[in-house]
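Novice: Questions regarding the structure given below will be posed in turn.
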Amino acid sequence: MKLSPAERDELLKGFARALFKSDMEALYRIVTPDFVWSFHDGLVTTKILSGPAAIGEHLAEQKALFSEQRFHEVAHHHACEATFMTFRVSETVRAGGDRREQRGIERYTFRDGMLASKDVYRKPVTP
C-alpha cells in the first residue's frame, strides 16, 4: 500500500502529537509493531529504539535533560520510498541552563499504511 503525500502528512502529524504527549498507545496505532527509531543527538549519543518501553524511556530522558525543546523550520519532503523532515531545534539543558541549536533531518519509511522507521541525524549550528 503506497501512501500519498497527504496520507503521510497525516501519519506524521499524529506521530508528532503522540510523541509530544508521550502516549505510547496512540503512537503504536500509527507505527508498525516492529517500528525502529535510530537516533543520534548530534553530539555523542547514538541509540536504536525498538518497542514502547525503549521509546518511552527515551522520551522521559529527553524531558529530564531539557527544560525546553522547540522545533522550528519543520518541512516534509516526500520521495518515492521515504519522507524526509528537515528542521532546526532549540534546546535548553535543565542542569546549568546551557542552550544549544541544531539542524537536522529525519528519514521516515512506511509499510502497510503505517510508519515503519525513523532515522534522526543532527548537527550543531555553529554561530
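Computed from the coordinates by the stated procedures, all read-outs in this text should not be read as laboratory data. Since the model is a prediction, treat every value here as computed from it, not as a measurement. Here the Cβ is made from the backbone with ideal geometry for all residues, glycine too, and neighbour counts use every protein chain on show.
Novice: Taking R0 as 25 Å, what FRET efficiency do you get between R103 and E7 from their Cβ-Cβ distance, rounded to the nearest 0.05? Each step should come with its number before you reach the end.
Specialist: On the way: r = 27 Å, r/R0 = 1.08.
With R0 = 25 Å, the Cβ-Cβ based efficiency is 0.40.
Novice: What translational diffusion coefficient, in µm²/s and rounded to a whole number, does the Stokes-Einstein relation yield for the chain at 25 °C and a viscosity of 0.890 mPa s, taking the hydrodynamic radius as the Kirkwood radius over Cα pairs?
Specialist: Answer, rounded: 161 µm²/s.
Novice: Can you give the relative contact order of the chain as a percent, counting alpha carbon pairs under 8 Å and 6+ residues apart?
Specialist: Details: 223 pairs, mean separation 32.6, N = 127.
Rounded, it is 26 percent for the chain.
Novice: At 222 nm, what value in deg cm²/dmol follows for the chain if DSSP H runs of at least 4 each add -39500 (n - 2.57) and the sum is divided by all its residues, to the nearest 500?
Specialist: On the way: 3 runs with 35 residues, N = 127.
That comes out to -8500 deg cm²/dmol.
Novice: Using 0.36 nm per residue, how much length does the chain from F20 to Y121 gain when fully extended, once their Cα-Cα distance is taken away? Please report the intermediate quantities before stating the final value.
Specialist: Values: separation 101, 0.36 × 101 = 36.36 nm, distance 1.89 nm.
Extra length available between F20 and Y121 comes to 34.5 nm.
Novice: What do you get for the angle between helix 5-21 and the principal long axis of the chain? Use alpha-carbon atoms, 0 to 90 degrees, nearest ten.
Specialist: The answer is roughly 40 degrees.
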